[in-house]
Amino acid sequence: MSGNMNLTLKVWRQPNGNTKGTFVSYPAPGISPDMSFLEMLDVVNEGLVKKGEDPIHFDHDCREGICGMCSLHINGRPHGPKQAITTCQLHMRSFHDGETIVIEPWRASAFPVIKDLAVDRSAFDRIQHAGGFVSVNTGGVPDANAIAIPKPVADEAFNSATCIGCGACVAACKNASAMLFVSAKVSQLALLPQGQPERYQRAQAMVNQMDTEGFGSCTNTGACEAECPKEIKITNIARMNRDYFTANFFKEEA
Amino acid sequence: MKLDAKIPEGPLAEKWSKHKFNLKLVNPSNKRKYTVIVVGTGLAGSSAAASLAELGYNVKAFCYQDSPRRAHSIAAQGGINAAKNYRNDGDSVQRLFYDTIKGGDYRAREGNVYRLAEVSVNIIDQCVAQGVPFAREYGGLLDNRSFGGAQVSRTFYARGQTGQQLLLGAYSALNRQIHEGKVEMFSRHEMLDVVTVDGKAQGIIARNLVTGEIETHAAHAVLLCTGGYGNVYYLSTNAMGCNVTAAWRAHKRGAFFSNPCFTQIHPTCIPVSGDHQSKLTLMSESLRNDGRVWVPKTKELAAQLREGKIKATELKEDERDYFLERKYPSFGNLVPRDVASRNAKEMVDEGKGVGTSGVAVYLDFADAISRLGEDAVRAKYGNLFDMYYQITDENPYKQPMRIYPAVHYTMGGLWVDYNLQTTVPGLYALGEANFSDHGANRLGASALMQGLADGYFVIPYTLGDYLATIGPKAIDVKHPAFTETKKAVEERLQKLLSLKGNKTVDEYHRELGKIMWEYCGMSRSEEGLKKAKKLIQDLKTDFWKNAIVLGTNEEFNMSLEKAGRVADFIELGELMIDDALDRNESCGGHFRVESQTEEGEALRDDEKFAYVAAWQYTGENKPEALHKEDLKFENVKLSQRSYK
Ligand SMILES: Cc1cc2nc3c(=O)[nH]c(=O)nc-3n(C[C@H](O)[C@H](O)[C@H](O)COP(=O)(O)OP(=O)(O)OC[C@H]3O[C@@H](n4cnc5c(N)ncnc54)[C@H](O)[C@@H]3O)c2cc1C
Ligand code: SF4
Ligand code: FES
């Protein structure tokens, strides 16, 4: 087909967490600009399998930018060159014929490599176990329209709630800080009336867990905001910091 | 075996409350002596796991993704139905019940559907209490939109990501229970078999997808919340990992599989762009609130469009055929999915398809944009338009979208009774994995409702009854059934790993998908189905000879995972064909060319086919046995569906 591209991939290969990894080059010929980035990898992988070589392992599932599973560092940027999309939404028309594409996993000590491009992001889950909820049981809750929530408040909470937990913010940060992710989660509930009763303990518990997981500290460089596929705002971090310090203040009072 | 659906006696509106009263309860102090396994953490699984743990049971939950939050429910876009009647537009439990039964083309149980409508209102309350940010109006109250198959506005939504917000709500409830130590979470684990002891489900065998370790887990009951099997078609709107393995393994252990051929083909998806295509992307049904579906009036115009000689925007009004509005004046573009899909296919078959491939129709927003303004349209559908633009490189604000139907949802699934128990005692199926509530066609925004109804409001009651009956005695993991089942799983994995042929597993999957789409897709005929059956049998034999499966069990191995899933899909495909052959009527998404009205609409045959087909596995390469559960309609009058 006309318009197809011949590319070279430089891919991080690492059999497992205990073995050192290295870059390996693969040709990717005849790539259609209409393919998604992951479809391009599928094609390369099918070629590898045919030759009896282990396919390149990477995480993915929904392939429409919402599950947060895909996680590739492409040419030095989490989720590749375009703004506000995930790797699975990236299409090959964003690359040009003859290009060499470097593909790496998320790099952060709190996200150890499992194999090739797949990393362990369970630290994100553990942060949410620590407090990412409103303590209500099933049943016995008030009617949904019993509390009116001003639309601007609801919209602002929604903006924070769109975080897909992909970890690009961590991968983008030179300190591997998870502040953007954690603050998005904290903010959603901090903004809504339902989240008020546990607001300060929540912020504290989640931040403490984040520190335990070994994420770096925030030095306000803003790389996270620039790379976040859901355009989560860095103002969430300021909001979380306020809640965190308020929590400490109340603790000292008590 | 006689199928007993255990639908409670009495008037429809009292069945569920009476039943709840009659169910046995587990004493609060005994609950912690029970363990329940929940496989799957989508809406059905997360809500069930959290609710059961809140009651005091110990729960072990499993999912194949790296986090429970990534279950495929996350991808639902449009919304969730509930009979809240917040609009004052005439909605009620009765109406939601009626719309769902009718939408399902009278192939679902009255009792189940009524219960679903009844608990729908509690779901919205629960989600809001958890902090789910549904769309709101300026007065601060919840907003609604309309979906296909209904004439009221009862769909609650959260921009174009209702699924993500609902799942994050259920996931937060799950997280709280993990924090409390009541739920033990096993991510990156794939269930590969059910362990039955004396005919009862008492555990599962799961593979740790990172280390390859084959693990044995025992419990008093097992809940399968493992989603749908649309990926049997290779291309679908499902996530890449969606599979039938858990349900299929359970089927082979005695759980009957119901109505496997009932698949939903969603009318508004982005068309296939080439052979490399790995999945299809849905454009939410909500778009049909404002988008108008059309094709050019003549084949000649369509050909010119395909060749790029003219542009869609240049066609005059009288050169366009708004075929849904023309044929169904009262529902127009909002006819149910099966009707919309079949009509699109008809247009394409007549040579009026558009796009370079000719396999697409238009969904046009020009009217809505001139009526409401581009900003208003952006506020409503912006993320969907962006998604479309991202994939196709075409701007839907300036030219109509191209859409075509794609496999989206499976109404079929494991047979369950009113308590959501399969034919294996102690084994339950919830959410898309069961067959229960949508008959032959699911209405938009009703799957999220059903998943959460099952998990939050049905299983916490019905499971207790079973657990109280069997008692809290610890499960004996030393029972030989555990070691035997584990051995069978290991042998199968080794057999797969021994395949060193010349065809990739993806090639088999694509081939299977083509057969299913061609012969068991939007229209089905006896001749085609018979041909497909043979093709699938051959494909199966070929797979077990010539597939390539690489690596070892003791590692993260994509190749092995995929092979196991595709092998199960191939077997399921054959059963779907059998089911479609058996059902020589057209109903909902199942269109048999032999059974249509003069106008080409689906023609049901209630005399012969008002039953649920429940298939029993009888052994490797043996024909499955068909059991029939007769459907009784005491509250609605069966009529030919009409959306005219
Ligand atoms: C693109 C898209 C949009 C949709 N939009 C809507 C909508 O707007 N409204 C609506 O009502 N419905 C919608 N649906 C349908 C709806 O989203 C699904 O039917 C529903 O979410 C299914 O939920 P579930 O809990 O049953 O399964 P899922 O959410 O699919 O979860 C399945 C779970 O099972 C696990 N699992 C599967 N197999 C195994 C195994 N062998 N071992 C271990 N774990 C396993 C998975 O890890 C996952 O956790 C949409 C569907 C799609 C595809
Ligand atoms: S904040 Fe953005 S980058 Fe970070 S996890 Fe959430 S969506 Fe991903
Ligand atoms: S695969 Fe789901 S966000 Fe990319």
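The values are calculated or read from the model by the stated rules, or taken from the named source; none is laboratory data. It should be emphasised that the depicted structure is a prediction, and the values quoted were computed from it without experimental measurement. When we count neighbours, we look across all protein chains shown, and the Cβ atoms used for this are built from the backbone with ideal geometry, even at glycine. Heavy atoms of the whole protein, side chains included, go into the accessibility calculation; ligands, DNA and RNA do not. Shrake-Rupley method; radii C 1.70, N 1.55, O 1.52, S 1.80 Å.
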In nanometres, the difference between 0.36 nm per residue of separation and the alpha-carbon distance of B:Gln151 and B:Lys514 is 127.1 nm
If amide H atoms are modeled at 1.01 Å from N in the peptide plane, then the residues at a separation of 5 or more from B:Arg136, or on another chain, having amide H under 5 Å from its own are B:Asp143
For B:Tyr461 the rounded accessible area (nearest 10 Å², probe 1.4 Å, non-protein molecules ignored) is 100 Å²
With 0.36 nm assigned to each residue of separation and the Cα-Cα distance removed, B:Gln399 to B:Asp275 gains 42.1 nm
In whole percents, the bins of 10 Å from zero upward hold the Cα-Cα pairs of the range B:452-518 as 14, 18, 22, 26, 18, 1
Taking GluC sites (Glu not before Pro) in a DSSP loop with at most 15 other Cβ atoms within 10 angstrom as exposed, one finds the longest site-free stretch of chain B at B:395-553
Under a 1.4 Å probe, counting only protein heavy atoms, B:Ile310 has an accessible area in Å², nearest 10, of 40 Å²
Ignoring ligands and nucleic acids, B:Lys311 exposes an accessible area, probe 1.4 Å, in Å² to the nearest 10, of 130 Å²
Mean Cβ-within-10 Å packing, highest first, puts peptides B:228-238, A:122-132, B:419-429 in the order B:228-238, B:419-429, A:122-132
Expected vector for the range A:84-95, Karplus 3J(HN,Hα) from phi with 6.51, -1.76, 1.60 and θ = phi - 60°, integer Hz, x for Gly and Pro, equals 6, 9, 8, 4, 5, 8, 6, 10, 5, 5, 7, 10
The correct ranking of B:His19, B:His438 by accessible area at 1.4 Å, largest first, is B:His19, B:His438
Residues meeting the amide H criterion for B:Asp193 (H placed from the backbone, H to H distance under 5 Å, 5 or more places apart or on another chain) are B:Ile205
Per the 1/(1 + (r/R0)^6) rule, R0 = 35 Å and r from the Cβ atoms of B:Glu325 and B:Ala379, FRET efficiency to 0.05 is 0.90
Binned at 10 Å starting from 0, the alpha-carbon pair-distance distribution of the range B:473-615 in whole percents comes out as 11, 30, 24, 20, 13, 2, 0
Result for chain B: accessible area per residue, probe 1.4 angstrom, in square angstrom, of 34 Å²
In nm, the gap between the two label points placed 7 Å beyond Cα toward Cβ at B:Ala366 and B:Ala13 is 4.9 nm
Accessible-area order for B:Ser642, A:Ser183, largest to smallest, probe 1.4 angstrom, reads B:Ser642, A:Ser183
Full extension between B:Lys299 and B:Tyr389 adds, at 0.36 nm per residue less the Cα distance, a length in nm of 29.7 nm
Cα gyration tensor of the protein assembly as shown diagonalised, 5x eigenvalues square-rooted, in angstrom largest first, produces semi-axes 36, 34, 31
Longest principal axis of chain A (C-alpha) makes with the long axis of helix A:235-253 (C-alpha) an angle, in degrees to the nearest 10, of 40 degrees
Scalar couplings 3J(HN,Hα) for the range B:173-189 by Karplus 6.51 cos²θ - 1.76 cosθ + 1.60 (θ = phi - 60°), nearest whole Hz, x for Gly and Pro, are 5, 5, 4, 4, 6, 5, 4, 6, x, 8, 10, 9, 9, 10, 7, 6, 10
Expressed in angstrom, Rg and Dmax over the Cα atoms of the range B:24-67 are 11.3, 37
Whole-percent carbon and sulfur contribution to the accessible surface of the range A:5-114 (1.4 Å, no ligands, DNA or RNA) stands at 53 percent
Mean separation of Cα contacts under 8 Å (at least 6 apart) over the residue count of the range B:266-408, i.e. the relative contact order in percent, is 35 percent
Taking max minus min of the Cα coordinates of the range A:122-249 on each principal axis, largest first, gives extents in Å of 46, 29, 27
Counting other chain Cβ atoms within 10 Å of each Cβ in B:501-507 and taking the mean gives 3
Given a 1.4 Å probe, the accessible area of the range A:5-114 per residue, as a whole number of Å², is 35 Å²
The helix B:505-520 Cα axis meets the longest alpha-carbon principal axis of chain B at an angle in degrees, between 0 and 90 and rounded to 10, of 60 degrees
Given a Förster distance of 45 Å, the FRET efficiency implied by the Cβ-Cβ spacing of A:Ala146 and B:Ala474, rounded to the nearest 0.05, works out to 0.55
So, for the Cα atoms of the range B:266-408, Rg and Dmax in Å stand at 14.0, 40
Quick shape summary for the range A:118-170, equivalent ellipsoid via Cα gyration tensor, semi-axes whole Å in descending order, reads 28, 18, 7
With a 1.4 Å probe and ligands and nucleic acids left out, the total accessible area lost when B pairs with A, in Å² to the nearest 100, equals 6200 Å²
In nm², the average projected area of the convex hull spanned by the Cα atoms of the range A:5-114 is 7.0 nm²
Once both label points are put 7 Å beyond Cα along the C-beta direction, the B:Thr483-B:Asp582 separation in nm becomes 3.8 nm
Counting other chain Cβ atoms within 10 Å of each Cβ in B:239-252 and taking the mean gives 2
The Cα radius of gyration of the range B:150-283, divided by 2.2 N^0.38 Å with N its residue count, comes to 1.30
Semi-axes a, b, c in Å (a largest) for the range B:23-161, each sqrt of 5 times a Cα gyration tensor eigenvalue, come to 30, 20, 16
Across 10 Å bins beginning at 0, the whole-percent shares of Cα-Cα pair distances in chain B come to 3, 16, 28, 28, 17, 6, 1, 0
The Cα extents of chain A along the principal axes, largest first and rounded to whole Å, are 65, 40, 36
